[in-house]
């Protein structure tokens, strides 16, 4: 019987740190109008670097479940209180996400219900349950069923009220279901659908399950790194091949998008495992390591700070009113002629105090969990 890891794997912490750092920098440009194209989410079909960071974290949720949850112990009744702990963690994550959405927004009639933390909570709960109930073949069957089922629904079933299938931005199955179930409680920047909406949650679970299979490989010893890399490349290529008929689309979390991001996750995990685990040196990855040891703490802190900077307003001679974030960005980087570089520099500067806080937690051996 495979034993759970008693020590943290550098590869997993470094990749989580990379995902969190990427999410923070992407979500906090100095001026979104001038951000580098690769740090913008794709408008609809296609993908950029920005589109990989959150899926990487969802992939790692599955990896961590495989490493932390002893399936045999749960099934044999040797893990008392296991399910209440899992449910408690999922509920706390979901509520934190709602609090993040509600922060500094006093109106609850249009409070967004979905969100990043909410999706992490649902994916975590689903992956844990499926991990305990099914073996590897069962997990693989669920992944295939979700991806094929999503493709058949989105690409071939007529959207209600439209009369034919649609993968368009304005009308699609995800938007129809979000409006039916969530009404006005969706993303304020697009009232047609929510990027973390109801229907796209199922492919997101499939992405977490791909991470679960990769984590099972690590749990069993992580042998055959070259084979794992090959699986990652093959999954990537399968996703790109499928995209000819079913476009890569983050907002819909299409099956091709899941395979491309999941394959990238497997490949990165295998490379990092080969480079970092087994007593090898960190190769300059210490900043990512410390971020990855308390990823949710860092992400939640970043979200609340960013919301405060954006919502706090100051008088401005030019525009009448300006956010504190825009004021600070203009004050610090007004002399920069390279606007995209200035926008990125703000994101990196925003990350630095969070990294310092993560380093303090690391130095004191503090790992905050929900």
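Scanning the stretch 83-107 for residues that are assigned to a loop (DSSP other than H, G, I, E, B) and touching a helix residue (DSSP H, G or I) at 6+ places or on another chain (Cβ under 6 Å), which turns out modelled with the lowest pLDDT? Among residues in the stretch 83-107 that are assigned to a loop (DSSP other than H, G, I, E, B) and touching a helix residue (DSSP H, G or I) at 6+ places or on another chain (Cβ under 6 Å), the one modelled with the lowest pLDDT is 104.
Could you tell me whether any residue of the stretch 24-34 is touching a helix residue (DSSP H, G or I) at 6+ places or on another chain (Cβ under 7 Å), without any contact (Cβ under 8 Å) to a residue 12 or more places away in the chain and not assigned by TED's automatic domain parsing to the domain that holds residue 188? No. Among the residues of the stretch 253-268, those identified as more than 13 Å from residue 206 (Cβ to Cβ) and in contact (Cβ under 8 Å) with a residue 40 or more places away in the chain are 264, 266, 268. Of note, residue 62 does not satisfy the criterion of being over 13 Å from the mean Cα position of the chain (by Cα) and either within 26 Å of residue 356 (Cβ to Cβ) or in contact (Cβ under 8 Å) with a residue 12 or more places away in the chain (or both). With respect to the conditions (1) closer than 30 Å to residue 324 by Cα; (2) modelled with pLDDT under 95, residue 44 lacks only one, and its number is (1).
Residue 288 - would you say it is assigned to a helix (DSSP H, G or I), farther than 25 Å from residue 115 by Cα and touching a residue at least 40 places away in the same chain (Cβ under 8 Å)? No; evaluated as a whole, the condition is false for this residue. Testing residue 37 on (1) free of Cβ contacts under 8 Å to residues at least 12 places away in the same chain; (2) closer than 30 Å to residue 242 by Cβ; (3) surrounded by 14 or more Cβ atoms within 10 Å (Cβ to Cβ), one condition comes back false. Which one is that? Residue 37 satisfies every listed condition except (3).
Taking every residue in the stretch 152-177 that is at pLDDT 90 or above and pairing it with any residue that is in a strand (DSSP E or B), at least 6 positions away or on another chain, the pairs with Cβ-Cβ distances below 7 Å are 154/167; 154/172; 155/167; 159/172; 166/172.
The values are calculated or read from the model by the stated rules, or taken from the named source; none is laboratory data. Keep in mind it's a predicted model, so treat the numbers as computed, not measured. All Cβ positions, even for glycine, are placed from backbone atoms using ideal geometry, and neighbour counts span all protein chains on display.
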